[in-house]
Structure formats: structure tokens, C-alpha cells
Amino acid sequence: MHVGLFVTCLVDTMRPRIGFATIKLLEAAGCEVIVPEQQTCCGQPGYNSGDRKSAEAMALKFLAEFEAFDYVVLPSGSCAGMIRVHYPDLFKDDPALLARITALGQRTYELTDFLVNIAKLKKVPGTFQGTLTYHDSCSGLRELDVYKQPRALLAKMPNVALHEMVESTTCCGFGGTFSVKYGELSTRMADNKCQHIAAAHAGAIVGGDLGCLLNIEGRLRRNGDHTTRVLHIAEVLSDSDLEAP
Amino acid sequence: MQNTSINFKRQVTIKLADVKLQGALSRLQTRFVEGRAAVIGEINDLQETRTAAAAIRDRVLNDLEYWLLHFEQQAIARGAIVHWAETGADVNRIVAEIAARHGVRTAAKSKSMVSEECGLNDALELAGVEVMETDLGEYILQLAHEAPSHIVAPVVHKNMEEIADLFAEKHQLPRKTDIAELCREAREVLRPAFLNADMGISGGNFLLAETGSVLIVTNEGNGRLVTTLPRVHVAITGIEKVVPTLEDVTTLLRLLPRSATGQSITNYVSVLTGNKDSADHDGPEHFHIILLDNGRSSLLGSEMQEMLRCIRCGACMNHCPVYQNIGGHAYGWVYPGPMGSILTPLLGGLENAPDLPNASTLCGACAVVCPVKIPLPDLLRKLREKQMERGMKSRQETFMLKAWAWLALHPAIYAIATKIGVRLMRILGGKEKLLHHLPGARGWTDGRDFPAPAGMTFRELYKRGVHK
């Protein structure tokens with residue numbers, strides 16, 4: 001099957017190796033991966049800030065670039081949620097576009113959801129060893145029902161021990177522009193998360209959304225924790241070289 | 001109640017540093033979040049029940065005028081007197097008039113958030129009526145001259161020690177050290193107030209159109225006393241609280257106590273119908289029902305109408321990570337948390353509460369637990385859209401959003417800009433690969449480092465074929 005990879009703007013700019021790890025995983029699952037080279041952002045920052053017009057324009061750009069694929073996969077629950085759940089809201093008054101955008105949304109998946117439920121990945125290529133704890137990012141969890149999928153994949157890795165933290169489903173405080181506009185609140189929420197991570201006694205905190213991971217890493221490091229690794233689920237599953245860009 | 005939502009940001013700083021408050025708020029998780037979780041599963045068709053509850057509320061809201069008139073007709077037929085109040089000031093005037101007509105000097109009051117909207121207690125004091133709050137939490141707040149910080153547990157921001165000090169000071173009795181003793185002391189002070197009150201004032205959880213009844217859901221028993229002992233009973237509630245039939249209410253009652261306090265059912269569910277007639281042994285001689293609009297009707301037929309489904313269970317705030325960290329007072333008006341962040345701007349003006357729709361990560365925890373399926377994050381986002389449309393966003397934010405959108409729509413320039421940006425940030429990140437300061441994003445870097453980017457973008461690496 002032809003899978004279009006939407007790498008997301010955060011992975012594109014901040015942590016490209018997550019994108020390459022995603023390609024590796026999709027190929028391991030037998031997909032032919034195509035990366036439209038003009039892709040940028042799904043429009044979520046504007047949409048969640050009340051800038052509906054910008055979000056509409058970006059949704060149309062996405063539609064033009066990705067409509068031809070069997071599936072679209074993203075290493076992010078919040079961007080996948082934007083496309084699946086919120087794009088239709090943007091075009092609710094245009095039946096023709098709505099039908100197209102909804103159909104594309106139905107073929108759009110968060111990475112772990114796709115690997116488990118569509119591609120049915122048998123063997124996880126990663127060789128990660130050690131303990132980790134998993135943070136369930138809000139949009140993936142509540143908009144796309146991503147909870148069991150990453151755990152099912154991690155369970156296929158014999159040398160990984162998952163130490164669940166308490167309140168793994170509580171927001172880490174990222175929330176896009178919220179993290180800058182309400183920095184104090186956001187920091188407190190991240191701090192609560194860091195305490196739960198510490199109590200889980202794991203070598204790594206893993207999640208499926210880079211925004212949340214940057215937030216958590218930022219607070220861990222500011223608190224003086226320079227040892228807990230902060231990893232995207234794709235990096236763990238694919239055995240990516242963590243020194244690569 | 002005066003709306004001070006404009007001070008939200010300043011209040012956040014204060015509340016985050018308030019050690020006592022933080023201790024008190026830590027109880028939310030066990031008492032309310034785990035409490036709800038323990039009993040909500042008793043409803044084996046939870047999602048269908050939520051859908052049915054939302055449909056019951058929508059049916060009324062889609063034809064509110066009809067249901068209100070139906071309610072009024074039935075209530076009058078059973079001896080109640082129905083008053084319509086456009087504003088909180090109208091409620092205060094009507095209650096004062098009723099008090100004057102019946103020679104009321106003292107009133108005993110059970111919990112009513114709508115009366116908080118009106119600032120009723122102060123107005124009645126001015127009119128020469130002594131008001132005694134009889135809900136334990138509200139009574140504590142009345143002694144402390146504070147506002148409620150939660151719609152179900154108004155005194156959740158206080159710990160037992162503070163209450164013990166307050167009682168010792170105000171009651172002039174030896175300081176008590178456990179909750180049972182404190183409750184007994186409050187009961188002893190309040191009992192004469194029930195017996196002596198000329199007027200009882202209550203809220204109303206639901207208005208039953210079928211029978212013209214006011215239904216209240218309570219735990220302490222004070223609601224029963226204030227609605228039956230005094231010769232005059234005044235029930236005050238919002239116009240949106242109508243429900244067609246008693247059967248409809250039973251659906252809502254499966255959800256309300258479980259969502260609110262983690263109880264399968266509250267200690268009391270009182271259906272108050274009409275005034276005392278010759279066949280009755282108790283009940284008020286005069287039963288007045290005051291229905292407040294205060295901006296609610298302006299939401300009918302609008303994209304915000306779903307907010308009027310709210311049955312005031314408080315589950316959204318109990319589960320909100322923002323509320324959990326700052327409590328209710330920071331929100332600045334009667335209703336805190338997610339439902340308050342929508343209602344406060346809608347009823348009190350978006351310009352008076354510009355932060356509330358934005359001070360949410362849209363994490364969705366509230367929407368998942370809402371018993372009547374109000375899409376709270378979507379409504380918050382719609383308020384943000386209104387702010388954008390009306391030019392209420394800061395110039396800096398608008399510029400950043402527009403600039404980002406323009407870049408994202410021009411991929412070639414986006415490629416150049418991001419290439420430069422990530423290289424610069426990589427250099428600034430140094431050996432640690434962390435940025436301690438980020439221009440224009442102090443909100444982030446005051447409390448967190450910013451992990452440095454890799455220094456090259458995915459798009460440029462992909463073009464070079466590094467993955468092959």
C-alpha cells in the first residue's frame with residue numbers, strides 16, 4: 001500500500017530522526033512510503049488560536065498533496081486528530097469539499113494506530129533495552145483512542161520494561177501556544193508530569209507527540225535531570241540512532 | 001457577584017504560590033476524580049445514557065419558550081407563583097419585594113449558584129433581611145466573607161485547620177479538631193436559623209414542566225429544611241433548567257450525582273410541588289419560583305447553545321488540569337473550570353474575560369466526562385475565533401499566527417526560513433543542546449529549557465537521501 005508520510009512541522013524542524021524512524025517502521029510493515037516534499041504544517045496552531053482562515057488554507061494544501069494516497073500516516077496524535085476530527089469542521093458548509101476532506105481524514109492515522117490496526121506490524125525492528133514510562137498525549141488519546149496501540153507495540157520488544165506512571169493520561173501542559181502564553185501554568189503542569197515520571201523509576205519517558213516531549217524534556221532538564229531520556233515512540237520502535245539529527 | 005476575570009493571569013501567579021490552596025486542591029483527585037471513576041461504571045450503558053441525557057436537554061433548549069410556559073402553567077396550577085427575571089438585579093428586587101410583602105426579617109438559604117450570580121445576599125442585607133447560609137460549605141464561606149471556588153464543593157479551597165480556626169473565632173467556642181465535631185457545632189448554630197426563618201431560599205437543579213415542580217439534589221438535609229419549614233419559600237434558578245418529564249429527570253439523575261460527587265444517588269432528591277394546601281401537614285404557605293435569564297436566552301439558536309445543556313455537576317472542573325492547579329477563585333466569577341471559562345465570557349462579556357477561553361490546553365479531559373456531552377474544547381475554540389474576528393487578540397499573537405500561516409503556505413520560503421532557524425537555534429543550544437532563553441518565548445523559558453533542534457530539517461535531509 002502507498003502511504004503518504006506527513007512528517008509534521010515539529011519533527012521537520014526539531015527532531016528529523018523521528019521522521020526517518022517512521023519511514024523505517026512503515027517500510028518494516030510492508031508499506032511503500034512517499035514523502036510529498038512541499039508539505040509544511042497541518043494548521044493546528046492557527047485553528048486552536050481562533051485563526052480559522054489560515055487553518056482552512058492549510059487544510060486545502062494538505063488535501064492537494066495527500067489525497068492520492070491509500071493512507072496518510074503521521075508520527076503525532078495531535079496533527080492526525082487535526083486532520084481526522086477537525087478538518088471536517090472547517091468545511092462543514094461546503095458539501096463537496098467536506099466529502100473529500102472527510103474521506104481523506106478516514107484514511108489518515110497516527111503512527112502506532114496505523115502500525116497496529118491497519119498495517120498489523122508483526123515484528124518490531126527496534127532493539128531498545130531498558131525501562132521506560134509512557135505519556136499518553138491528549139489528542140491521540142481522546143480524539144483517536146490511541147492508548148493500547150503503543151503499549152501493544154512495546155510489548156513486542158523483549159528487552160523493554162514498561163513502568164506505568166500514575167496519571168499517564170493527564171495533560172503535560174504543552175497545549176501549543178498555551179505553553180508560551182500561560183507559561184507559569186504550563187510549567188506547573190509539566191512539573192507534575194515530571195514528578196510522576198520520577199516516581200515511575202524508568203530510564204526513559206516515551207510518547208507519541210513531539211510537542212509534549214519537548215515540554216517534558218524542557219522541564220526535566222531545567223530541574224537538573226539530565227539522565228532520563230526523552231524519546232518519541234518511533235525512535236524506540238525503530239531502533240534509530242539517537243545521535244543522528 | 002462582581003466579575004474579576006480580567007485579573008486571571010495575575011491570579012494564576014498568586015494561586016500557584018499558595019501552599020495551603022495547593023494542599024487543599026490535591027484532594028480533588030481522590031475525592032472527585034477517583035470518586036466518579038468508582039461509580040460511573042455502574043451505568044452499564046454509559047455512552048448511550050450520556051447521549052440520551054444530551055438529547056433530553058437539547059429537546060428543551062430547541063423549544064425553550066414552549067417548555068418554560070408549560071412549566072409556568074403547571075406551577076401556577078399547583079399554587080406556586082412564577083417570576084421572570086432578566087438580570088441578577090431583577091432577582092434581588094423580586095426577592096426583596098416578596099420579603100417586604102410577607103414581613104420577612106430572616107431568611108435561611110440553601111446552596112444556589114444562581115443566587116451568587118445575582119449577589120443576592122448583599123442585596124437582601126441592604127433590604128434589611130438577615131440571610132443565613134445553611135449549606136455547610138456556604139455557611140463557612142459566609143463566616144469567612146469569601147466566594148465559592150467550586151460549584152458543587154464551594155469550600156474545596158480550604159482545609160480543616162482553617163475551618164477550625166474560623167469556627168473558634170466566629171462561634172466563640174473551644175477550637176474543635178475533627179470534622180465530625182466541626183459539623184456538630186455548625187449544626188447546633190444552624191438549627192435555630194431553620195426554625196426561626198421567615199423565608200427559605202433555595203436553588204433548583206431541574207424544573208419539571210410536567211408538574212411545575214422544582215427539583216433539588218442535596219446531601220446535607222438543609223435543603224429539605226429551608227424549603228419546608230419557613231412560611232415562604234423562594235426557589236431561584238436559570239431558565240435553561242427545564243426538563244419535560246419526571247421520567248426524563250431520572251435519566252439525568254443517573255448521571256448527575258455520579259459525575260458530581262461520585263455518589264450513585266445523593267442523600268436527598270426533593271421534588272417541590274406547589275404550596276401547602278389544606279390537606280398538607282407541612283410545606284411553605286407561599287411558594288415563589290424566580291427564573292433568571294441573565295444572558296442565557298441570547299445563546300439559544302447560536303453555535304454556543306450546547307453550553308446551556310449544563311447540569312452543573314462540576315465534573316469538568318474536577319478533571320481539568322488547569323483548575324486542579326489554580327482552583328476556582330482565579331477564574332474571577334461564579335463559575336470556574338471549563339464550563340466557567342465558556343459561561344463567564346458568554347454571560348459577562350468576552351472583553352471582560354479575555355484569558356478564560358485561552359487558558360486551556362484543549363486536552364479534552366472535560367469533554368470525556370461531561371454527562372450531557374457538551375463539546376467544551378470546541379466551544380472554547382469558538383470563543384477564540386470570536387476574539388480573532390473581533391480583533392481582540394494581541395497584535396503580537398495575530399502577527400505570529402499570520403506569519404506562520406504565510407510561511408506554511410509558501411513551502412520554498414518555509415524551507416529557507418526553517419533551515420536558517422534550526423541552525424541558529426542549534427548553535428544557541430551549545431554543547432548541552434538546550435536553550436535557556438528564547439527571545440519572544442519567555443513564557444516557555446522562564447520555567448523550562450528549550451531542547452535545541454537537530455540543526456538540519458527533515459525536508460533537507462530527506463532530499464539528500466540520507467535515509468537510503
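The values are calculated or read from the model by the stated rules, or taken from the named source; none is laboratory data. If you're wondering where the values come from, they're calculated on a predicted model, not measured in any experiment. Positions of Cβ are backbone-derived with ideal geometry, glycine not excepted, and every protein chain shown enters the neighbour counts.
Brief remarks follow.
- Residue in the stretch B:382-389 that is buried (at least 17 other Cβ atoms within 10 Å of the Cβ), more than 7 Å from every other protein chain (Cβ to nearest Cβ), in a loop (DSSP other than H, G, I, E, B) and touching a residue at least 40 places away in the same chain (Cβ under 8 Å) present: no
- Residue check for B:G332: more than 20 Å from B:A54 (Cβ to Cβ), among the small types (G, A, S) and touching a residue at least 24 places away in the same chain (Cβ under 8 Å): yes
- Tabulated pairs, the stretch B:14-41, first of a type in the set (F, W, Y), second part of a helix (DSSP H, G or I), C-beta under 8 angstrom, 6+ apart or interchain: B:F32/B:T261; B:F32/B:A315; B:F32/B:N318
- Boolean, A:G105 is touching a Phe, Trp or Tyr at 6+ places or on another chain (Cβ under 7 Å) and more than 10 Å from chain B (Cβ to nearest Cβ): yes
- Taking the conditions (1) over 20 Å from B:T418 (Cα atoms); (2) at the interface with another protein chain (Cβ under 10 Å from one of its Cβ atoms) in turn, A:S54 satisfies each one other than (1).
- You will find that of A:L154, A:L104, A:L121, the residue that is assigned to a loop (DSSP other than H, G, I, E, B), under 26 Å from A:A29 (Cβ atoms) and not basic (K, R) is A:L121 and no other.
- Residue within the stretch B:278-290 that is out of contact with any Lys or Arg (no Cβ under 9 Å at 6 or more places or on another chain), among the aliphatic types (A, V, I, L, M), closer than 28 Å to B:P371 by Cβ and outside any helix (DSSP H, G or I) present: yes
- Members of the stretch B:403-420 found to be within 7 Å of chain A (Cβ to nearest Cβ) and surrounded by fewer than 19 Cβ atoms within 10 Å (Cβ to Cβ), listed by number: B:L409, B:P411
- Evaluating B:V368 against the criteria (1) among the hydrophobic types (A, V, I, L, M, F, W, C); (2) within 11 Å of chain A (Cβ to nearest Cβ); (3) crowded, with 20+ Cβ neighbours inside 10 Å; (4) closer than 28 Å to B:A260 by Cβ leaves one unmet condition, (3).
- Among residues of the stretch A:173-206, those that are within 14 Å of chain B (Cβ to nearest Cβ), in contact with a Gly (Cβ under 8 Å, 6 or more places away or on another chain) and outside any helix (DSSP H, G or I), counted: 3
- Qualifying residue in the stretch A:34-51 (condition: farther than 22 Å from B:Q387 by Cα, more than 10 Å from every other protein chain (Cβ to nearest Cβ), over 17 Å from the mean Cα position of the chain (by Cα) and not acidic (D, E)): yes
- Filtered by the rule that a residue be in contact with a helix residue (DSSP H, G or I) (Cβ under 7 Å, 6 or more places away or on another chain) and either among the small types (G, A, S) or surrounded by fewer than 15 Cβ atoms within 10 Å (Cβ to Cβ) (or both), the stretch B:7-19 gives a lone residue, B:T13.
- Screening the candidates A:T133, A:T127 for the property of being assigned to a loop (DSSP other than H, G, I, E, B), touching a residue at least 60 places away in the same chain (Cβ under 8 Å) and over 15 Å from B:C363 (Cα atoms) yields one hit, A:T127.
- Unmet criterion (only one of (1) assigned to a helix (DSSP H, G or I); (2) buried (at least 17 other Cβ atoms within 10 Å of the Cβ); (3) modelled with pLDDT under 95) for B:Q29: (2)
- Test result for B:R381, closer than 22 Å to A:K181 by Cβ, in contact with a helix residue (DSSP H, G or I) (Cβ under 7 Å, 6 or more places away or on another chain) and outside the structural domain of B:T13 (by TED's automatic domain parsing): yes
- Residue within the stretch B:158-180 that is part of a loop (DSSP other than H, G, I, E, B) and under 30 Å from B:E86 (Cβ atoms) present: no
- Residues in the stretch A:227-245 that are modelled with pLDDT of 95 or more, touching a strand residue (DSSP E or B) at 6+ places or on another chain (Cβ under 9 Å) and either over 15 Å from A:Y134 (Cα atoms) or assigned to a helix (DSSP H, G or I) (or both): A:I233, A:E235, A:V236.
- The residue pairs whose first member lies in the stretch A:55-79 and is in a loop (DSSP other than H, G, I, E, B), whose second member is modelled with pLDDT under 95, and whose beta carbons are closer than 8 Å, counting only pairs six or more residues apart or on different chains, are A:D70/A:M1.
- No other residue among A:K181, A:K156 is over 29 Å from B:G443 (Cα atoms), of a type in the set (D, E, K, R), out of contact with any Phe, Trp or Tyr (no Cβ under 7 Å at 6 or more places or on another chain) and without any contact (Cβ under 8 Å) to a residue 60 or more places away in the chain apart from A:K156.
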